[in-house]
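Coordinate-derived values only; no laboratory data. Quick caveat, the model's predicted, so the values are computed rather than measured. When we count neighbours, we look across all protein chains shown, and the Cβ atoms used for this are built from the backbone with ideal geometry, even at glycine.
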Amino acid sequence: MSSYKTESQVLNIAFNDEKKALRIITQDGYPLDVRDASYSIISNFKAIIAATGTNQRLAVVTQTKRVIILRANRNNNGDIYYGDANINGDNSDYLSPGEIRVLYFIDPYNIYIRGIINDILYCNALA
């Protein structure tokens, strides 16, 4: 089982041998919307910030995912901002080093990220 600390919760994700998510549990003990091991990992990738202060797409191919788990590398030099094509430090959400976010029914191609060069954002897309 993997654990990642966020601002408001600890997220636990357990997978079976077929890489299907069995459960996603919040700190208060409530499961997120995972039913009957129905989510399979369809892609794992990392996005590396190519240039400081420049917006870049999270993914290069368009395809809507049921769940996307974003995790900022704990050794990053700063926050990674994410949102639409117009993100900046004032109008978007962000991940501090080591934080995660879970997004539902979204196309990672439509997500832009911005941060400090060579900082890393890990992504798990579940179908």
Can you list, bin by bin at 10 Å, the percent of alpha carbon pairs in the range 39-103, starting at 0? 18, 54, 27, 2
Non-local amide H neighbours of ILE106 (under 5 Å, H modeled in plane, Pro and chain starts lacking H): which ones? LYS65
Provide the per-residue ³J(HN,Hα) series for the range 87-104, in order, calculated from phi with Karplus coefficients 6.51, -1.76, 1.60 and θ = phi - 60°, each as a whole number of Hz, with x at glycine and proline positions. 5, 7, x, 9, 10, 9, 7, 8, 10, 6, x, x, 7, 10, 9, 10, 10, 10
If the chain between TYR109 and GLN63 were fully extended at 0.36 nm per residue, the gain over the current Cα-Cα distance would be 15.8 nm
Vicinal HN-Hα couplings computed from phi for the range 55-71 (Karplus, 6.51 cos²θ - 1.76 cosθ + 1.60; Hz; Gly/Pro x): 7, 9, 5, 6, 10, 9, 10, 8, 5, 5, 10, 6, 9, 10, 10, 9, 9
Name the long-range amide H neighbours of GLU99: under 5 Å, sequence gap of 5 or more, or other chain; modelled H, no Pro or chain starts. ALA72
Order by protection proxy (mean Cβ within 10 Å, highest first), peptides 67-76, 95-104, 54-63: 67-76, 95-104, 54-63
Calculate, in nm to one decimal, what ILE116 and ILE48 gain on full extension: separation in residues at 0.36 nm each, minus their alpha carbon distance. 23.5 nm
